[in-house]
Amino acid sequence: LAKTTQPISMDSYEGQEVNITCSHNNIATNDYITWYQQFPSQGPRFIIQGYKTKVTNEVASLFIPADRKSSTLSLPRVSLSDTAVYYCLVGGGAPNSGAGSYQLTFGKGTKLSVIP
Amino acid sequence: DAGVTQSPTHLIKTRGQHVTLRCSPISGHKSVSWYQQVLGQGPQFIFQYYEKEERGRGNFPDRFSARQFPNYSSELNVNALLLGDSALYLCASSSRDWEPLGTEAFFGQGTRLTVV
């Protein structure tokens, strides 16, 4: 599974757009890019997933350049409730080995602090 | 519909003891995965079960074991507890044994295990 690199932390004011970039230089052809959000003492929650170009849903956008070696999670007009840790994951697209395994590989994530 | 439920929510054990953690997946989900999250780190994959069979195992010692029951609920067992086993243990369920990342894994709130 490809290794990911994210900033350890970011600060933003309420109402601003936040962009969190993740590097994944060794991404494989079959790999998808997925972002999870985690609040303290809770399990991670799926935000968005993409393979290439741009994906948008009701909470975020995901930008993936043509070489797919990085991706950017964009959170529009953040609020205090968006304060959380955001994880970038790369993988999937094919069984890991043998019969296959649903295994998520998390890095350390980016701690986003939204300031009033 | 109920989400992924885990019990107990908090637990304090003494070094050398044994612990059993329980997880009930979302109704209809046949895959259950277990993750360990140490404070300040991302979740680390321990096991995945699908249809009562082990489908994946992370880099954890043999003191860690798990099983899945006919109703798809699961138990994680840890023997000979060490101080370093103190962590948030997360259970995730999904509807299939393998699929591209992001389609989605649903996490429970976790069990906070403290070993003293």
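The residue list A:Ser41, A:Ser9, A:Ser61 contains one member that is among the polar types (S, T, N, Q) and surrounded by 14 or more Cβ atoms within 10 Å (Cβ to Cβ), which is A:Ser61. Within the range B:35-46, not a single residue is more than 17 Å from A:Phe106 (Cβ to Cβ) and assigned to a strand (DSSP E or B).
Within the range B:53-74, the residues that satisfy the criterion of being buried (at least 16 other Cβ atoms within 10 Å of the Cβ) and closer than 17 Å to B:Thr5 by Cβ are B:Ala66, B:Gln68, B:Tyr72, B:Ser73, B:Ser74. Across the range B:34-67, the qualifying residues are those that are modelled with pLDDT of 95 or more and of a type in the set (D, E, K, R), and the one among them that is nearest to the chain's Cα centre (by Cα) is B:Arg67.
Rundown of residues vs (1) under 30 Å from B:His10 (Cβ atoms); (2) away from chain B (no Cβ under 13 Å); (3) of a type outside the set (Asp, Glu), yes/no style:
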| residue | (1), (2), (3) |
| --- | --- |
| A:Ile8 | yes, no, yes |
| A:Asp11 | no, yes, no |
| A:Gly15 | no, yes, yes |
| A:Tyr32 | no, no, yes |
| A:Gln42 | yes, no, yes |
| A:Gln49 | no, no, yes |
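The condition (being part of a strand (DSSP E or B), under 23 Å from B:Cys91 (Cα atoms) and modelled with pLDDT under 90) is satisfied by just one residue among A:Leu1, A:Leu89: A:Leu89.
Residues of the range B:33-52 that are buried (at least 19 other Cβ atoms within 10 Å of the Cβ) and touching a residue at least 12 places away in the same chain (Cβ under 8 Å): B:Ser33, B:Trp34, B:Tyr35, B:Gln36, B:Gln37, B:Pro43, B:Phe45, B:Ile46, B:Phe47, B:Gln48, B:Tyr49, B:Tyr50. Number of residues in the range B:20-34 that are in a strand (DSSP E or B) and either of a type in the set (Ser, Thr, Tyr) or more than 14 Å from B:Cys91 (Cβ to Cβ) (or both) equals 4. Among the residues of the range A:13-31, those that are out of contact with any strand residue (DSSP E or B) (no Cβ under 7 Å at 6 or more places or on another chain) and closer than 24 Å to A:Ser113 by Cα comprise A:Gly15, A:Gln16.
The values are calculated or read from the model by the stated rules, or taken from the named source; none is laboratory data. What you see is a predicted model; the values in this text were computed from it and never measured. Every residue, glycine as well, gets a Cβ built from its backbone with ideal geometry; the counts of neighbours run over all protein chains shown.
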